[in-house]
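Scroll down for the structure; my scribbles are underneath it.
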Amino acid sequence: MPEILHRLDELAAMFRDSAAEGDRRARLPKAVVRALVQHGLFRLWIPRRCGGFELGLPEALRIYEAAARLDGSIGWAVMIGSGGGLFAAYLDPATAISIYARPESVIAGSGAPDGRALREKGGYRVNGCWRYASGAHYATTFTANCLVMDGGTLVTGSDGKPLIRAMAFEPSQVTILQVWGPTGMRGTGSEDFEVRDAFVPESRSFSLSDAPRETGPLYLLPFNVLTVLPVTAVAVGIARHALDLFSSLAHVKKVHGTGDLLMTDPVVQATFGAAHAIWQQGKSTLDTLAHKAWDSARADRPLAPTDLAEITSGCVFSVAKIRQAIAELMALTGMTAIQPGSELARAWRDYQALAAHGSVSPRHLGAAGAQLLDAGA
C-alpha cells in the first residue's frame, strides 16, 4: 500500500490540474484515466489470481481517502472502479480472468434491478436501462442487475421474492446515454446506459447472494459494508480537501469592509476549529469501524447485526455531521463559495453530491437504531 500512496503523490499535481477540465466536461480527462490504469488504481480489490492487488479493507480505504483529497471525482472513480473488482469473486475462474486480467480492465454499472433477463438456452436475453454508471466512458465491462424472467413470468427465489441476477455486458452490447449533468462529482462521468436484446451467457451472470468463490477475507464481508465504508472514506477525503482549501483562502482573503484577513476573525477561527474536530472525529470513526469489520473477516467471523448497525449509523452520522460543518465554513467565504471556477466551491459541490448517495442516506439511521435498541445496546 505505501507504494500505491506514493504513486498518488506523484500524480497529485496532474490530477489537481486536470480537475477543472473533468468538472467542465463531466468526465475524467483521458490523461487521468491513463494514469489511473497505468498505476493500477482500479485494481485494488481485484483478486490476486486475476492480477489484482486484493488489498485489505483499511488499506484500500486509505487510498480512496487520499485520492479524494486530491479531487472528489477522482477519489470516487478509484473507489467505484476498484469496487467492481469484488464481482470477480462470484464468477467462475475462467470468466473472471477473461474480464479482469487485462491491465486496463475496469467495471461500470448499476445495482438497481432495472433490467429484465429472459431465460434462454445457455444464458439470458436481456433488455434494460440503468442509471449512474460511474466511469462509463472508459469501462471495459458493464454490470447491471436484472429481474429474471421465464417466459412472461417473474422467477422467484426460495424466499418468495423476485430473483435478481447481475449480468456482465461487453461494451459493444451497451449504449451510453450521455445525460450526466449534476452540480457536483461531475468528473465521475456517471452516465445512464441501456441494453437491447443482448444475449448474456450463463457464465457471465452472477448473484451477490451466492457464496463467493474467492476465500480471501475481503470477499467474506457483506457487500453493503463494502459500499458504505468506501463511500465514507471518499467523503472524509473530500472534506479534508475542503478544509485545506479554506485554510489557504483564509490566509489571503480579507473580511469584507475591513483590511483583516479571514484567518484573524474569531468567528472564522472558532468555526474552522469545530469543523476540523468534526472531520477528525469522522475519520476516527471510519478507521475504527473499518478495522472492526476487517478483524472480523480475517477471523472468519460474521459481523453481528449490531456490528452492521454500528457501521451503518457511524458512517451515515459522520457524513451528515461533516456536511454540516463544511456548510458553516462555506457561509464564511463570501462569493468564493458560489464561483464556478473556485476549487473550494467544487469540493463543496462534490461533497453535497456524495452525501446524496443512497448508502449514506439519513433514512438508514432508523433501521440501525431499531436494531441497536432491540439488542439493548
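Here are Tyr138, Tyr132: which of them is in contact with a strand residue (DSSP E or B) (Cβ under 7 Å, 6 or more places away or on another chain) and either within 30 Å of Ala19 (Cα to Cα) or not assigned by TED's automatic domain parsing to the domain that holds Gly83 (or both)?
On the way: Tyr138 fails: in contact with a strand residue (DSSP E or B) (Cβ under 7 Å, 6 or more places away or on another chain).
Going through Tyr138, Tyr132 in turn, just one is in contact with a strand residue (DSSP E or B) (Cβ under 7 Å, 6 or more places away or on another chain) and either within 30 Å of Ala19 (Cα to Cα) or not assigned by TED's automatic domain parsing to the domain that holds Gly83 (or both): Tyr132.
So if I check each of Ala353, Ala345, Ala293, Ala370, which one is in a helix (DSSP H, G or I), at pLDDT 95 or above and touching a Gly at 6+ places or on another chain (Cβ under 9 Å)?
Going through Ala353, Ala345, Ala293, Ala370 in turn, just one is in a helix (DSSP H, G or I), at pLDDT 95 or above and touching a Gly at 6+ places or on another chain (Cβ under 9 Å): Ala353.
I'd like to check which strands (runs of 3 or more DSSP E) are fully inside the range 116-202 and have at least 2 residues that are surrounded by fewer than 13 Cβ atoms within 10 Å (Cβ to Cβ).
Strands (runs of 3 or more DSSP E) meeting the threshold: 191-201.
For residues that are out of contact with any Ser or Thr (no Cβ under 9 Å at 6 or more places or on another chain) and assigned to a loop (DSSP other than H, G, I, E, B), scanning just the range 218-229, find the one that is surrounded by the fewest Cβ atoms within 10 Å (Cβ to Cβ).
Phe223
Residue check: is Thr215 of a type in the set (S, T, N, Q) and assigned to a helix (DSSP H, G or I)?
no
Do you know which of the residues in the range 239-256 that are over 20 Å from Gln324 (Cβ atoms) and without any contact (Cβ under 8 Å) to a residue 60 or more places away in the chain is nearest to the chain's Cα centre (by Cα)?
Checking each candidate, the answer is Ser248.
Return the total of residues in the range 206-216 being of a type outside the set (Gly, Ala, Ser) and surrounded by fewer than 19 Cβ atoms within 10 Å (Cβ to Cβ). Lay out the reasoning, then the answer.
Narrowing the range 206-216 to residues of a type outside the set (Gly, Ala, Ser): 206, 208, 210, 212-215.
Now restrict to residues that are surrounded by fewer than 19 Cβ atoms within 10 Å (Cβ to Cβ): 208, 210, 213, 215.
Summing the residues that are of a type outside the set (Gly, Ala, Ser) and surrounded by fewer than 19 Cβ atoms within 10 Å (Cβ to Cβ) in the range 206-216 gives 4.
Going through Gly22, Gly72 one at a time, which residue ends up being surrounded by 22 or more Cβ atoms within 10 Å (Cβ to Cβ), touching a Leu at 6+ places or on another chain (Cβ under 8 Å), of a type in the set (Gly, Ala, Ser) and more than 20 Å from Glu104 (Cβ to Cβ)?
Exactly one of Gly22, Gly72 is surrounded by 22 or more Cβ atoms within 10 Å (Cβ to Cβ), touching a Leu at 6+ places or on another chain (Cβ under 8 Å), of a type in the set (Gly, Ala, Ser) and more than 20 Å from Glu104 (Cβ to Cβ), namely Gly72.
Pick out the one residue from Leu332, Leu372 that is aliphatic (A, V, I, L, M), closer than 30 Å to Ala19 by Cα, surrounded by 13 or more Cβ atoms within 10 Å (Cβ to Cβ) and over 23 Å from the mean Cα position of the chain (by Cα).
On inspection, the qualifying residue turns out to be Leu332.
Any chance you could count how many residues in the range 248-286 are surrounded by 17 or more Cβ atoms within 10 Å (Cβ to Cβ) and under 30 Å from Glu310 (Cβ atoms)?
Qualifying residue count for the region: 10.
Enumerate the pairs (first residue in the range 64-75 and closer than 8 Å to Val234 by Cα; second residue anywhere and of a type in the set (Asp, Glu) and buried (at least 24 other Cβ atoms within 10 Å of the Cβ)) with beta-carbon separation below 6 Å, excluding pairs fewer than 6 apart on the same chain, so at least 6 apart or on different chains.
Every condition considered, the pairs that remain are Gly72/Asp350.
Return the total of residues in the range 84-105 being in contact with a strand residue (DSSP E or B) (Cβ under 8 Å, 6 or more places away or on another chain) and of a type outside the set (S, T, N, Q).
Total meeting the criteria: 6.
Out of Asp192, Asp210, Asp159, report the one residue that is in contact with a strand residue (DSSP E or B) (Cβ under 7 Å, 6 or more places away or on another chain) and either closer than 28 Å to Pro58 by Cβ or charged (D, E, K, R) (or both).
On the way: Asp210 fails: in contact with a strand residue (DSSP E or B) (Cβ under 7 Å, 6 or more places away or on another chain); Asp159 fails: in contact with a strand residue (DSSP E or B) (Cβ under 7 Å, 6 or more places away or on another chain).
Selected residue: Asp192, the only one of Asp192, Asp210, Asp159 that is in contact with a strand residue (DSSP E or B) (Cβ under 7 Å, 6 or more places away or on another chain) and either closer than 28 Å to Pro58 by Cβ or charged (D, E, K, R) (or both).
Closer than 26 Å to Arg25 by Cβ, in contact (Cβ under 8 Å) with a residue 40 or more places away in the chain and in the same structural domain as Ala293 (by TED's automatic domain parsing): does that describe Leu354?
Numbers: closer than 26 Å to Arg25 by Cβ: yes; in contact (Cβ under 8 Å) with a residue 40 or more places away in the chain: yes; in the same structural domain as Ala293 (by TED's automatic domain parsing): yes.
Criteria met by Leu354.
If you check Ala235 against the conditions, is it at pLDDT 95 or above, surrounded by 21 or more Cβ atoms within 10 Å (Cβ to Cβ), in a helix (DSSP H, G or I) and not assigned by TED's automatic domain parsing to the domain that holds Pro182?
For Ala235, the condition - at pLDDT 95 or above, surrounded by 21 or more Cβ atoms within 10 Å (Cβ to Cβ), in a helix (DSSP H, G or I) and not assigned by TED's automatic domain parsing to the domain that holds Pro182 - is met.
The values are calculated or read from the model by the stated rules, or taken from the named source; none is laboratory data. All values derive from a computational prediction rather than experimental measurement. Cβ sites come from the backbone with ideal geometry, for glycine too, and all protein chains shown count toward neighbours.
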